[in-house]
Amino acid sequence: MVLEFTSPLAAVLDRHPLAVGPETPLAQALALMHRGRVSYLAVVEPWGQRGGGSLQPGQPWQWLGVFAESDAVRLLAEERDLAALTLGDATQCLGNAVEATESLDLTRAIALLYQQQFAPLPVNSATGQLLGAIAPESLARALHVTPTLRDLPVASLDLTAPVAIDPRDSYRVAVREMARTGRTSVLLARAGEAIATVAAADAIAAWACAIDADRPLEGQAWIAPVCCQQEDSWWTAYQLMQLHHVRHLAVKDANGAIVGLLELTDLLASLSPEALHFGVARPTRSEIGRDRPNPPVKTVVEQLRLEIFQRQVAQKLLRFSEERFRQAIETMADWVWEMNAQGVYTYASPRIRDILGYEPAEIVGTTVFDTLDPAQVEAYRETFGRFWRDRRPFELLKRTVRHRGGRWGILESSGVPLFSADGEFRGYRGVDRDITEREQARQKLEQLNQSLESRVRQQTAELRQVVEQLQAEIACRVQVESALRESERRLENILNSLNDVVWSVCARTHQLLYLNPVTEVVFGRTCREFFDRPELWLEVVHPADRDRVRANARQVLTLGWKDLEYRIVRPDGTVRWLHDRGQLSFAEDGQPLRIDGIARDITDRKQIEAALSQTERRFRAIFDQTFQYMAVLTVEGAILEVNQTTLDLWGISAHEAIGCSFWDAPRRDLTGDRPYPCWSEAAATQIRSGVAAAARGEFVRCEIEVEIEGDRTITLDISIEPIRDDLARVVQLIVEGRDLSDRKALERELAQREQLLHSFFTAIGQVYVGLSLQDERLRYLQVNQALADIHGVPAREAIGKTDREIFPAWADRVVPLQEQVLHSGKPLLNLELSFPTRTRPQKIRHWMVYYFPVPLNKGSQRGVGTIILDITERQQAEQDLRAIRERLEHLLAVNPTVVYSAESSPPYATTFISENVTRLLGYDSQEFLENPAFWVDCIHPDDAGRFRDALARVGRSEAIVVEYRFRRRHGSYCWVRDQLRLIRGDRRAEIVGCFYDITESKKAEARLKASLQEKEVLLKEIHHRVKNNLQVISSLLNLQSRTLGDPQTRQLFYDSQNRIQSIAFIHEKLYQSQDLARVDFSQYIKTLTNHLFRSYGANIQRVSLKINIHDIFLGVDVAIPCGLIVNELVSNALKHGFPGDRTGEIWIALFDESALSNSSPSTVPLDRADPQMILTVGDNGVGLPQGLSLGNTQSLGMQLVNTLVKQLKGSMELLAESGTVFRIVFPVPH
């Protein structure tokens, strides 16, 4: 086999090998091989320095050895610790470097390369300096094709069977197989089908990039292997390697099965070094033809064949490259797409089936918004539009898309713009990655973090309780010196973990004794700063609170303890609230020893208190709407708050009641005269004593009678309950009153005599209310039918028996109550009991029971009366009412209308807004509540003035409706319709309102206006063109009439012209008018008659015209017939009514029949059900011929008039007056 090189030894010499020192770590060497894309590293040291030394640029080197891919595979397969090895430990020390002398020829160098199995061969200078190396890659680059190589088939080479591994195997398995077989590549195949080839360079890249060596290979993107056929030539295989920059090929047989892996060393090994011979250097172009004969024809033919073959090889390689690129796209885990300049998909890879379930053909022709979540369309359109307008790449854009099966997924998109050769924008090409599982995992992680935070808070609260218990224990043992030292050691560890600042100062010198480490967190300063500068403690206090802090320090020494809340200023300028409590400790001799305290950060609590003050107004409405009488008092009895029910009872306003003592509350009657005391003297005394008892911490309840309008008295059940603070001190009192008038009336009724009770029992028997009367031994004396049904025992059988005998199931509950009434003589009212009946023992029913004493035997004995009411349905109704309230709250949250309230004066701060504002605008409701100017700042600048005007006018009308644009969180604006009104209360006024999104309505309104404007222009153009066409017809008639010699025929043409002109005037008026549906008939008649007078040459001095038409507008369907009628009648009058020099007048009138009341009587009948229009056309000329019949005439004009009157569904008559008068009556058009 003959090889020819393009140059001598220099052509195959790699002059710049990647060189490193022997001390280079092995992991770094693998990274260098990966980044440099080389198959070996030259291990060198500075020339002339034995034993090492650092490598400097430009410095000569001397060869030590080589670290090749095979060495890396061997070390990786042995699972050596790469971090502990250097290149000096793993390098093959080769001693057969050759010296570049004149005696060294290329044949000898190639032979040496063959001898060492194609390991890189170093070439040194005469002085031992490294000049370069001969490697298989550099040798392959110098090969030149010969006919022998062109015809050598690949099948003749010594191919080895491919080593195949499963895609579920890892890189570790791959390198083990390479080391076992001595190859640098293995085949990745599944079920006999090749997927890719895994080379030693791939394994080196995995270790260099810290990829998990045990990770399955199938989860990574692989490119299909570069293949050649067995019948291909040696040179074709070589060209494929050079084109694709690979060092191995998969060889296929005629059936497409892979029969072997061909490496670059296999190609070189098939060449015999003894058969190598080299020609002289090729001549240059300048030397060709100089002193040389022309090449023979055979040589030219060989060159042409060579060029044709090379072109065929290049085409085949191009097809291989395209197939390889297609396989790479189809095997990628991501979806590859292309879209044109209009945003329409023009290509989608088959991966779309696995990601979204669509076929590629279904996606082509659609846009990115067709499968996008509708809620993200606007936001994604804005984001994607910015990249599209700027023609710049984008990456990692997330969007939610709809799967073909209906579920939703999340894609992460990246793309780059495409441009033509002349710079024209062609669209985008990119990939979409399915990150649905990753996003779901992230959400689960967030939920886990929230759960962890909740557990931390719970444990912190438990720890705080433990700390408080330990502090109490320490306070009890402070006087025991030995126990104190032990407690201090234990306390030190605990205090270091507290969130509160624990401090201690000397009571005499005020020197700081102790601070726990949390001081640095709360104050933002180190403990050492406070110890070095004692005055720093007061300096960090807010200037407005320093005087109170000084006073508090003095009070601790006098009172022994003191609580104080104050602010501090941290070094970063932030302000924090602290609750500080100091306790004075004494020595054994009774002298003040030290002051111990705890400072707690209460900034969050202060913020919560501020938020609670905002919500207090909402609960005020509930307080006022309750049917009970309620008030909040100081411990001295002064009124702080009172609800509207109580104010209505007293007949006064809130500002008159606030500050008054509750027992001195004023009252007004309906006349509004001077107020007088609400309570009687006895009642006032009883209330004053009750307030005093409640101030001492007791619960007080009493009944008081109050006189109201009409000399009517009601009984109030008043309860006074103390409210305590954290220190169990009574700070306020709550007074609650219930109207007991109805109950009192019932008690008085039950106290009637015994004989009335019997009749009452008889009368109420049909009502399901249980009534009974028992003696002093609780035996039944009387039982009505309802109670008998409850017992499940006939009424007669119950007489003489007790509850224990009749119904033992409830006896243990009711008998003690009956005995209490029997012994105390006081009733027990409004008792709610639950028990089943005898007839339905499995169902629990609810009862309202009243027990009251009844005198028997003329008062010598006492019995017990019982009333039992079934309140099961009432309790069920109460449960239903609570369910309805919950549903209403839910409906308010999901309603698209946002409800809010705001202050009635600038800056109109928002006091309440429903939670659904987040869904509509994207803002949290808290943002509206915290910033008073937030609302107005979000309104479009063009609409802000109109919104402020609406706020200013809200108090002057019932309700104000204003429409404006509001900016959403993502920056876009939406139209809202806001309806607001002012609600005035006793203490203050408040603006309440609601708004909803009308963006789509606004868009539809704009489209409708544009459409109406377009139709209006179109309609005007139609009228204009109709008028012009009629004018053309009239002009044609005029031209034709000029050619006629007969005057009578010419007159017929003139009449036709006038008729056409009368219609043209209608369309002229329509397109000149603002109203395209109706014609101003007065202006139209004036134009028409003026034209007729000019057409017939009438002299207005001889024949005058009077028109009596005012503000009448007619539709086209009525105006055209009326105009033609007037045209015929006026034309007839001008032609025949005034012959010769006769003078006179013509009059035209049009009015509806309602105007006839002010006119002279007419023969026209007016007793029609529908309103009528009356058109009168007359003249005082010679009149019509005698005997002329309007219904039977040969005149074309009169026939036309009759037809038009019928078209109007009217009637016409000829009035017997001087001259000719036509009166036409027709219905009023709608």
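Data table
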item: Residue in the range 617-624 that is in a helix (DSSP H, G or I), more than 47 Å from the chain's Cα centre (by Cα) and either within 13 Å of VAL735 (Cβ to Cβ) or modelled with pLDDT under 80 (or both) present; result: no
item: Selected residue (criterion: nearest to GLY65 (Cα to Cα)) from residues of the range 120-156 that are modelled with pLDDT of 75 or more and in a loop (DSSP other than H, G, I, E, B); result: PRO120
item: Of residues in the range 1135-1145 being part of a helix (DSSP H, G or I) and touching a Gly at 6+ places or on another chain (Cβ under 9 Å), the one surrounded by the fewest Cβ atoms within 10 Å (Cβ to Cβ); result: HIS1136
item: Looking only at the range 829-860, and only at residues there that are in contact with a His (Cβ under 7 Å, 6 or more places away or on another chain) and modelled with pLDDT of 80 or more, the one that is farthest from TRP810 (Cα to Cα); result: GLU832
item: Subset tally (residues that are hydrophobic (A, V, I, L, M, F, W, C), under 16 Å from ALA599 (Cα atoms) and free of Cβ contacts under 8 Å to residues at least 24 places away in the same chain) for the range 537-548; result: 1
item: Qualifying residue in the range 175-194 (condition: at pLDDT 80 or above, touching a His at 6+ places or on another chain (Cβ under 8 Å) and under 25 Å from ASP253 (Cβ atoms)); result: yes
item: Single residue of the range 1088-1125 satisfying the filter (under 19 Å from GLN1031 (Cα atoms) and crowded, with 19+ Cβ neighbours inside 10 Å) that is farthest from the chain's Cα centre (by Cα); result: LEU1092
item: Residue tally, condition buried (at least 19 other Cβ atoms within 10 Å of the Cβ), hydrophobic (A, V, I, L, M, F, W, C) and closer than 21 Å to ARG183 by Cβ, over the range 232-265; result: 11
item: Yes/no for LEU452 being more than 19 Å from GLU338 (Cα to Cα) and either in the same structural domain as ILE355 (by TED's automatic domain parsing) or not basic (Lys, Arg) (or both); result: yes
item: Unique match (being at pLDDT 85 or above and farther than 30 Å from TRP561 by Cβ) among ASP422, ASP432; result: ASP432
item: Flag for ARG404 being out of contact with any Cys (no Cβ under 6 Å at 6 or more places or on another chain), over 29 Å from ARG968 (Cα atoms), in contact (Cβ under 8 Å) with a residue 60 or more places away in the chain and among the charged types (D, E, K, R); result: no
item: Those residues of the range 791-810 which are under 21 Å from ILE871 (Cβ atoms) and out of contact with any strand residue (DSSP E or B) (no Cβ under 6 Å at 6 or more places or on another chain), in sequence order; result: HIS791, GLY792, ASP803, PHE807, ALA809
item: Flag for GLN614 being closer than 26 Å to GLU721 by Cα and either in the same structural domain as TYR514 (by TED's automatic domain parsing) or in a helix (DSSP H, G or I) (or both); result: yes
item: Residues located in the range 200-257, provided they are of a type in the set (S, T, N, Q) and under 22 Å from ALA333 (Cα atoms); result: GLN220
item: Within the range 770-856, helices (runs of 4 or more DSSP H) holding 3 or more residues that are under 60 Å from the mean Cα position of the chain (by Cα); result: 808-824
item: Any pair with Cβ under 6 angstrom, 6 or more apart, that starts in the range 231-249 at a residue that is not assigned by TED's automatic domain parsing to the domain that holds VAL186 and ends at one that is at pLDDT 80 or above and hydrophobic (A, V, I, L, M, F, W, C); result: none
item: The range 905-949: number of residues that are assigned to a loop (DSSP other than H, G, I, E, B) and out of contact with any helix residue (DSSP H, G or I) (no Cβ under 7 Å at 6 or more places or on another chain); result: 10
item: Residue within the range 225-242 that is touching a helix residue (DSSP H, G or I) at 6+ places or on another chain (Cβ under 6 Å), farther than 21 Å from SER156 by Cα and not in a loop (DSSP other than H, G, I, E, B) present; result: no
item: Checking ARG969 against (1) surrounded by fewer than 17 Cβ atoms within 10 Å (Cβ to Cβ); (2) in contact with an Asp or Glu (Cβ under 6 Å, 6 or more places away or on another chain), the condition it does not meet; result: (2)
item: Failed criterion for VAL38 (all others in (1) at pLDDT below 80; (2) assigned to a loop (DSSP other than H, G, I, E, B) hold); result: (1)
item: Cβ pairs under 7 Å, 6+ apart, first in the range 70-87 and within 15 Å of THR181 (Cβ to Cβ) and in contact (Cβ under 8 Å) with a residue 12 or more places away in the chain, second buried (at least 18 other Cβ atoms within 10 Å of the Cβ) and basic (Lys, Arg); result: ALA77/ARG176
item: Test: residue in the range 972-981 that is among the acidic types (Asp, Glu) and under 30 Å from TYR380 (Cα atoms); result: yes
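The values are calculated or read from the model by the stated rules, or taken from the named source; none is laboratory data. Computed from a predicted structure; not experimentally measured. FYI the Cβ positions are ideal-geometry reconstructions off the backbone, even for glycines, and counts take in every protein chain you see.
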